[in-house]
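First comes the structure, then the notes that go with it.
Please treat every number below as a calculation from the coordinates, not as lab data. Everything quoted here is computed from the prediction, not taken from an experiment. Cβ placement follows ideal geometry from the backbone for every residue including glycine, while neighbour counts extend to all protein chains displayed.
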Ligand SMILES: Nc1ncnc2c1ncn2[C@@H]1O[C@H](COP(=O)(O)OP(=O)(O)OP(=O)(O)O)[C@@H](O)[C@H]1O
Ligand SMILES: [Mg+2]
């Protein structure tokens, strides 16, 4: 079932992270606690602007998981992932050849495996 939107998952914690008062935000929870969904909503909150084509706080975001397949299958295409959590007019498009999600406002999220940290050098991400 598609989750309802918009949902303010992280509330105050997300907004201080978005305003860069927090450098790192960690979430610990059991099965089904909402970790993946909170991550997807956080990404939405930093890349989306007020209207679908408006710029958000971040233009380039790195999405890092244990493996690349996990990032793609769970964090991007999963039931609680970014695509399911995004309303149609703000839904990004997956560009497999570049391992990137591209939003209607031009923001980009690039998927990485934690096993290959050197790949993160270069693109100058606004958030990860
Ligand atoms: N704040 C919320 N409002 C509405 N639904 C939510 C919220 N947080 C999580 N959910 C829903 O609860 C379900 C479980 O969430 P999620 O998949 O994020 O859990 P998880 O902690 O990542 O679980 P797992 O340990 O299995 O990886 C999903 O259907 C998700 O959409
Ligand atoms: Mg999860």
Once you sort the root eigenvalues of the Cα gyration tensor of region 11-120 as a ≥ b ≥ c, which label holds: rounded (a/c under 1.5), prolate (a/b larger than b/c) or oblate (the other case)? rounded
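Would you mind ranking 57, 41 by Cβ crowding within 10 Å, fewest neighbours first?
Details: 57 16, 41 22.
If I rank by nearby Cβ atoms, fewest first, I get 57, 41.
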Footprinting proxy, 120, 51, 63: sorted fewest to most Cβ within 10 Å, the residues are 51, 120, 63
Estimated inter-spin distance, residue 96 and residue 69, nm [label 7 Å along Cα→Cβ]: 1.5
Separation of the residue 77 and residue 121 label points, Cα + 7 Å toward Cβ, nm: 3.1
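Where does each of 76, 102 land when they are ranked from fewest to most other beta-carbon atoms within 10 angstrom?
Details: 76 22, 102 15.
Exposure proxy ranking, most exposed first: 102, 76.
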